[in-house]
Amino acid sequence: MPAVSAPDRARARLRRLLPTPPPWVAMYHSIADAPDDPYRVTVSPVRFARQLHWLADRGLRGVSVRELLAATAAGRARGLVGLTFDDGYADFLDSALPLLRRHGFTATVFVLAGRLGGENAWDAEGPRKRLLDEEQIARIAAAGMEIGSHGLLHSSLLTVDDDALAEDTRRSREILTALTGTPTDGYCYPYGHVDARAVRAVRAAGYRYGCGIDPGGLTSRYALPRVHIGEQDTSWRLAAKRAVHLLRRRPPAESAEPFRPAAGAALS
């Protein structure tokens, strides 16, 4: 058996001491051609296609968060990247879904249960965008995509009282579970706003995980960090974002449920 060098032993000790990073999850919103995009939530279909090719060319496969967490728990997460789409824009059906299916990828679409078939009224500026309706959501679920909740109306959970918080998390889950015929496992915090009270509400409502953006010390299965992917993310920017994933994530707070994959799980 070859001898293990001192630097290799030091790196192995460091890896054992560092907190296990959560899996890499990409955050998208709308896939469309949109010259007017003040909130930078839109990626053109051409750019999106190139980003999916970038993943596939590196042996990576995009999957729903539900699938990613199940694979992580089983130690099979190497090469998997979570793909999420916030707000439930109607363009997902015609612009994103065909490209995902071409690569054999899946994704999680977080929809607003109180605005089905409506529009992005919470955005003060920018163009109005149509949201998925009940029939479109059913078609997406039938195509193998995961449907998650983004709440009822896109309200920050940090600004509502306890009753409204419970209504947002529980009622949105009930609506979507009835619509898809399967339990709604995931909740996505509007605006990425999350605190300990919001995490408790999401757990109490029966969700199995929650997605934020950069939840810091709350990082856990109920406050997963994600990286924003936009129109400007060419191949080198994607590589950089993937490389810094480990470095920019903080260890979970003692009060939160830490992200602990199964023994031997390998994360990319």
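Read-outs: derived from the displayed coordinates by stated rules, not from any lab. Keep in mind it's a predicted model, so treat the numbers as computed, not measured. Ideal geometry is used to build each Cβ from the backbone, glycine not excepted, and the neighbour counts take in all protein chains shown.
Going from the fewest other Cβ atoms within 10 Å to the most, the residues Val111, Val65, Val81 appear in the order Val81, Val65, Val111.
Just to confirm the filter: which trypsin sites (Lys or Arg not before Pro) across the range 77-133 are DSSP coil and have at most 15 other Cβ within 10 angstrom of their Cβ? Mind showing how you got there, number by number?
Values: sites: Arg78, Arg101, Arg102, Arg115, Arg128, Lys129, Arg130; in loops: Arg78, Arg115, Arg128, Lys129.
Here the trypsin sites (Lys or Arg not before Pro) that fit, given the DSSP loop and packing criteria, are Arg78, Arg128.
Here the contact order of the range 22-248, divided by its residue count and restricted to Cα pairs under 8 Å and six or more residues apart, works out to 20 percent. Each of Trp122, Trp54, Trp24 has some number of other Cβ atoms within 10 Å of its Cβ, and from fewest to most they run Trp122, Trp54, Trp24.
Step by step: find N for the range 22-248, compute 2.2 N^0.38 Å, then divide the Cα radius of gyration by it. What's the final number? All intermediate terms of the calculation are to be shown ahead of the outcome.
Working: Rg = 16.2 Å, N = 227, 2.2 N^0.38 = 17.3 Å.
Normalised Rg, Cα atoms only: 0.94.
Rounded to two decimals, the Cα radius of gyration of the range 67-191 over 2.2 N^0.38 Å is 1.08.
For GluC sites (Glu not before Pro), the sites in the range 47-156 that DSSP calls loop and that have at most 10 other Cβ atoms within 10 Å are Glu125.
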